[in-house]
């Protein structure tokens, strides 16, 4: 039995020190995952705490034969979805939604979603000015397609097509960078 498995088994039996050791080992990764997807530091901190609260509450159901890190990231991903649903009207949710959408679309090739999100900025820089502005207006300002079209002096249909192509270009760029990183 390895050290992590022993900690998990002890935590399942209610050993608080073992659970504290698990938190200490995985808190940085969970926080990093959430921080990359949230604009407010305090939100990432709060959700990180919530991940470990849920982990503690569900510890009896965890199979110690599995890795705990991916399980914790799964809890964090579910919390992000809840966060986005509850705060639809706040502007920073748009960034979280874009991160979740890109992550979902690129699952086929990429095994490291944190790398994927960190590469998003570089991929955004590769878009043309109109596409970059359309993404900014949609996910930053939360404008509807008709409003984006008006701002860019295009029809709503042209704005919709521009958004579709921008998302496709981002997906392609992220997949290409993911494959490149996996082959290094």
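The values are calculated or read from the model by the stated rules, or taken from the named source; none is laboratory data. Note that the structure is a prediction, hence the values are computed from the model and not measured. Note: ideal-geometry Cβ built from the backbone for every residue, glycine included; neighbour counts use all protein chains shown.
Taken over region 71-90, the criterion of being modelled with pLDDT under 85 and under 14 Å from residue 39 (Cβ atoms) is satisfied by 84, 87, 90. Among all positions in region 31-42, there is at least one residue which is loosely packed, with under 15 Cβ neighbours inside 10 Å and over 23 Å from residue 102 (Cβ atoms).
Residues of region 7-30 that are without any contact (Cβ under 8 Å) to a residue 40 or more places away in the chain, farther than 11 Å from residue 52 by Cβ and surrounded by 13 or more Cβ atoms within 10 Å (Cβ to Cβ): 7, 10, 15, 18, 21, 25.
For region 153-173, a tally of residues being out of contact with any helix residue (DSSP H, G or I) (no Cβ under 6 Å at 6 or more places or on another chain) and assigned to a loop (DSSP other than H, G, I, E, B) returns 2. Considering only residues that are touching a helix residue (DSSP H, G or I) at 6+ places or on another chain (Cβ under 9 Å) and assigned to a helix (DSSP H, G or I), which ones fall in region 34-45? The answer is 34, 35, 41, 43, 44, 45.
Quick check, is residue 140 surrounded by 14 or more Cβ atoms within 10 Å (Cβ to Cβ) and under 24 Å from residue 173 (Cα atoms)? Yes: the conditions hold for residue 140. Residue 58 meets all of the listed conditions (1) surrounded by 16 or more Cβ atoms within 10 Å (Cβ to Cβ); (2) over 19 Å from the mean Cα position of the chain (by Cα) but one, namely (1). Checking every residue in region 150-164 against the condition of being under 22 Å from residue 39 (Cα atoms) and modelled with pLDDT of 85 or more gives zero matches.
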